[in-house]
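Below is one structure, written out as structure tokens, with a few remarks after it.
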Amino acid sequence: MSILAATRIVHPRILYFGTPVVLLTTENEDGTPNITPMSSAWALGDRVVLGLGEGGQGLANLRARPQCVINLPDGTHWRAVEALAPLTGACPVPESKRSQFRHAQDKFAASGLTAEASIKVNPPRIAECPLQIEAEVEEIRMTGDRGPFAIIEARAVAVHAHEDILADDTHIAPRLWSPLIYSFRHYFSLGEELGKTFRAEV
């Protein structure tokens, strides 16, 4: 007989309960690329919904130039992601960020990652990321009572995958793909497979 755990009401400061890390590439006003590390993203069909806070360069870029690449790193890239975490492309740095963030113009150089040309959008892909989703932004909606947040709906227009995580041209091999996970501000990767849903095709 299983024993149910006791619970209590809590008030967590964050709700990053375990979602994939995204390195979002966008285009700056001068045509240079920006990288925004983020962890609020989910997909449904060919739509990807992204969540970004107000004040960052990534959101400003999407408002002005509504294209992006949703790059998904794996567990080997967490140090590159963390190198980007305290950086902002916004200059000057917004007042709300000045205590923790500093400006960086070239985030590819700062992270050691490699830019690779996209085929349907202007922002580049990140070559090291096993999955790269080129996307067009279709809607940006503001919400949030604990600070202004943007809910961004983007439509995938091209998907690139490293050969070594593919089962075939239409399937990613789950045992070969291990996305970087962000859980309560800590980095994790996937562990041992526990099983699969009845709808699994590979």
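Backbone amide hydrogens, once placed in the peptide plane, bring L113 within less than 5 Å of nothing, excluding anything fewer than 5 places away on its chain. Per-peptide packing, taken as the mean over residues of other Cβ atoms within 10 Å, places 164-174, 60-70, 26-36 in the sequence 60-70, 26-36, 164-174 from highest down. With a Förster radius of 35 Å applied to the C-beta separation of H103 and H186, the computed FRET efficiency comes to 0.85.
Using all pairs of distinct alpha-carbon atoms, the Kirkwood hydrodynamic radius of segment 1-122 works out to 16.2 angstrom.
Within segment 81-165, DSSP assigns beta bridges of which about 90% are antiparallel (rounded to the nearest 5).
Using a probe of 1.4 angstrom and keeping all protein chains present, the accessible surface of the chain works out to 62 square angstrom per residue.
If you take every DSSP beta bridge fully contained in segment 121-202, what fraction is antiparallel? Give it as a percent rounded to 5. The answer is about 100 percent antiparallel. Ranked from largest, the principal axis spans of the Cα set of segment 148-202 equal 40, 30, 24 Å. Scoring 116-122, 131-137 by mean Cβ neighbours within 10 Å over their residues and listing the highest first yields 131-137, 116-122.
With bins 10 Å wide beginning at 0, the percent of Cα pairs of segment 97-161 falling in each bin runs 17, 32, 38, 13.
The values are calculated or read from the model by the stated rules, or taken from the named source; none is laboratory data. Predicted model, so just to flag it, every value in this text is computed and none were measured. Virtual Cβ from ideal backbone geometry, glycine too; neighbours counted across all protein chains shown. Side chains included, ligands, DNA and RNA excluded: accessible areas come from the protein's heavy atoms. Shrake-Rupley method; radii C 1.70, N 1.55, O 1.52, S 1.80 Å.
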